[in-house]
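A.B. asks: The structure that follows is given in the form of structure tokens.
Rule-based calculations on the coordinates, nothing more; no lab input. Source: prediction; values computed, not measured. Heads up, the Cβs are rebuilt from the backbone with ideal geometry, glycines too, and the neighbour counts pull from every protein chain shown.
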Ligand code: GLA
């Protein structure tokens, strides 16, 4: 809820007001569990007073400046942290932007501030620097339902000469002294979403991605935690940048102002220049505070990203996430019309709902060194084009999806031979390839138009409803007509996707970049799904998925059941464990269906049925994750129809009897019926109780002697915990918890 206290209450929609000088006024945005308080000052940017727990801070009764002592040998009027801190005010911390005009106009201070209420939860603050001739606007919207704050900053050059911008923070946020550490994600191809934890110290914290796309190794996400924060308890301040290019995240310590958190695009020298009258927008920065631990922050982001998803215009529930079959790990480049014809029936029999033809379908593409850029079917493998295969897929009752990698070109392609100048390059420098490919210059309208024409043609002539959109190399030598192109490259890609989505609104898009190299909230307004990793090893995936879910919702997380041994790690797990781990995302199958024995096919089919029975619940529900002692992890999803709980043992137990699993998400005063379900045997139906009313065997071939665990008080489940049967390593159990009364 939006509220501007005292005089600001008069502020009407889009009517700007000037701050009177005689009283203290505040801008308040109120969420369910979080609150924002900014203090308006006579001129200059509003001062940060609070971003954190709701209700703990009454509105300040006086201005910050009237309450703060002046330390010796300091400015006689100390400069506090503002919404847009700038050097020209005497601020010693990080500036919200770096701008100059040929070495001049480099220090900024605002001479006027106007506050505009755009809606009850949405405010725009316009700041004017009349000396440097710079205007800055900041949008702040705190969603009262999910506590996610969306910020964005615009800068306008009102001067008479061009200005050069080296840094433009999407936002500046305060963190309180109890913030002690920051968790972020790193990784690499085949091992994505690795958690990093850094202790906050006086040297600050900085993560800068220079790889040209979101990247595997530094995701634009972070969670700041307090000293006792865990999955379910304690304060979490978390943020993610909606941007698919270079990015910078910083947390600085400033004596007198505390921790200062900023995020924005990473800009190359000279990359962002504004002509007189021109403006530039930062990407959006999504931030949330939760008093309920990492799970609370994750739930807030899931809600916010669901609302931004292209598949949910007007916040409608998403269509069920179809079960995929993807050809990559089963076939790689080795497929043709006959091979696929043999697989289509097998996939449909298993219950697959969308058949995705991955790499290898286009001209000369028998390996990763040729063909990118041409986007016509290979005449040897597919002499009549992809039409006959598409028809068979549709006739078998499945949707048809296709892999493309639009921004890329192999030097060995018709496209490159015709247009070598279409690749990003720096005159006179090498053009190093990665995976034998170069990157097309998406700053050029002719390149975008060419790609639109190619993809539009595929989407218009084939019954396609899905594109897996890949980007398998990082940007180097990213010059376009000698100027840095990183930023414009991202905007060019966004433009192409937006154009295609507008022309083909029924087509869904999956974002992939050598696995999980382009997963961010910017892409997620355009992509319905992401591919987190080529690593299908269930043990790797279990940790990776838990980290992924900290920032992104489960229904966009491609989760495929692969083969054993897993191609990326060489490790093997049972089909039940591979499937049990894949259940918590958007399910797919990625193995050679020709090698599947009939008993395995039957088991796989049961898991697919189980997924179909839980997906509506899972893809709209709230998720909790947790660790139990002795190598057990769990994940739960709550919806209107109860709670789905999955328990995974990752390694052999060290205790003879496994410690209990405490379930912090249940309501203490509620009674729950705890039902074990056997997805692999029952296709998702709850197993009937034994005749004596006891819980049935909890592991198929090891009946439990534990009796009477049918109904529990919530307080027992959260305080005492759920006892586990003896579980071998790399196994999982599924339960449904149904509240049966209080
Ligand atoms: C990347 C993707 C894979 C597959 C290949 C095709 O590596 O992550 O899933 O699509 O490209 O070349």
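A.B. asks: Using only the Cα atoms, work out Rg/Rh for segment 130-231, with Rh taken as the Kirkwood radius, to two decimals.
C.D. replies: With Rh from the inverse mean 1/r over Cα pairs, Rg/Rh is 1.04.
A.B. asks: Would you mind classifying the chain by shape? Square roots of the alpha carbon gyration tensor eigenvalues, ordered a ≥ b ≥ c; an a/c under 1.5 is rounded, otherwise it is prolate if a/b is larger than b/c and oblate if not.
C.D. replies: oblate
A.B. asks: Which order do the peptides 182-195, 209-222, 642-655 take when ranked by the mean count of other beta-carbon atoms within 10 Å per residue, highest first?
C.D. replies: Going from most to least packed, we get 209-222, 182-195, 642-655.
A.B. asks: Sticking with this one: Place a label point 7 angstrom from the Cα of residue 427 along the Cα-to-Cβ direction, then list the residues of segment 456-482 whose backbone nitrogen is under 19 Å away.
C.D. replies: From segment 456-482, the list is 477-482.
A.B. asks: Relative to the present Cα-Cα distance, how much length would full extension add between residue 77 and residue 332 at 0.36 nm per residue of separation?
C.D. replies: That pair, residue 77 and residue 332, stretches by 85.2 nm at full extension.
A.B. asks: Right, something else. Roughly how large, in nm² to one decimal, is the mean projection of the convex hull of the alpha-carbon atoms in segment 52-128?
C.D. replies: 7.7
A.B. asks: Gap in Å between the Cα centre of segment 165-198 and the Cα centre of segment 504-519?
C.D. replies: Comparing the Cα centres of segment 504-519 and segment 165-198, I get a distance of 23 Å.
A.B. asks: Would you give the gap between the C-alpha center of segment 319-345 and the C-alpha center of segment 599-653, rounded to a whole Å?
C.D. replies: Using only Cα atoms to place each centre, the spacing works out to 26 Å.
A.B. asks: Which part of segment 170-189 falls in the paramagnetic zone of residue 255, meaning amide N under 18 Å from the point 7 Å along Cα-to-beta-carbon?
C.D. replies: Those under the cut-off are 177.
A.B. asks: Apply the a/c threshold of 1.5 to the C-alpha gyration tensor of segment 262-342 and tell me whether it is rounded, prolate or oblate.
C.D. replies: oblate
A.B. asks: With a 10 Å radius around each residue's Cβ, average the other Cβ atoms per peptide and rank 92-99, 159-166, highest first.
C.D. replies: Listed from highest to lowest mean packing, they are 92-99, 159-166.
A.B. asks: Going by C-beta contacts inside 10 Å, put 301, 231 in order with the fewest on the left.
C.D. replies: 231, 301
A.B. asks: Under the rule a/c < 1.5 gives rounded, and otherwise a/b versus b/c splits prolate from oblate, where does segment 322-389 land using the Cα gyration tensor?
C.D. replies: Prolate, because a/c is 1.5 or more and a/b exceeds b/c.
A.B. asks: Would you please give the FRET efficiency between residue 104 and residue 380, computed as 1/(1 + (r/R0)^6) with r the Cβ-Cβ distance and R0 = 60 Å, to the nearest 0.05?
C.D. replies: Here the calculated transfer efficiency is 0.40.
A.B. asks: I need to check one value: relative contact order of the chain, counting alpha carbon pairs closer than 8 Å and at least 6 residues apart, in percent.
C.D. replies: It comes to 10 percent, rounded to a whole number.
A.B. asks: Rounded to whole Å, give me the distance from the Cα center of segment 437-454 to that of segment 546-562.
C.D. replies: Each part's Cα centre sits 30 Å from the other's.
A.B. asks: Given Cα pairs under 8 Å that are at least 6 residues apart, what percent is the relative contact order of segment 614-673?
C.D. replies: 28
A.B. asks: Right, something else. What value, in deg cm²/dmol to 500, does the helix sum -39500 (n - 2.57) over DSSP H runs of n ≥ 4 give at 222 nm once divided by the residues of the chain?
C.D. replies: After summing the helix terms and dividing by the residues of the chain, the value is -5500 deg cm²/dmol.
A.B. asks: Between residue 275 and residue 571, what FRET efficiency follows from the Cβ-Cβ distance if R0 is 41 Å, with the result rounded to 0.05?
C.D. replies: The computed FRET efficiency comes out at 0.15.
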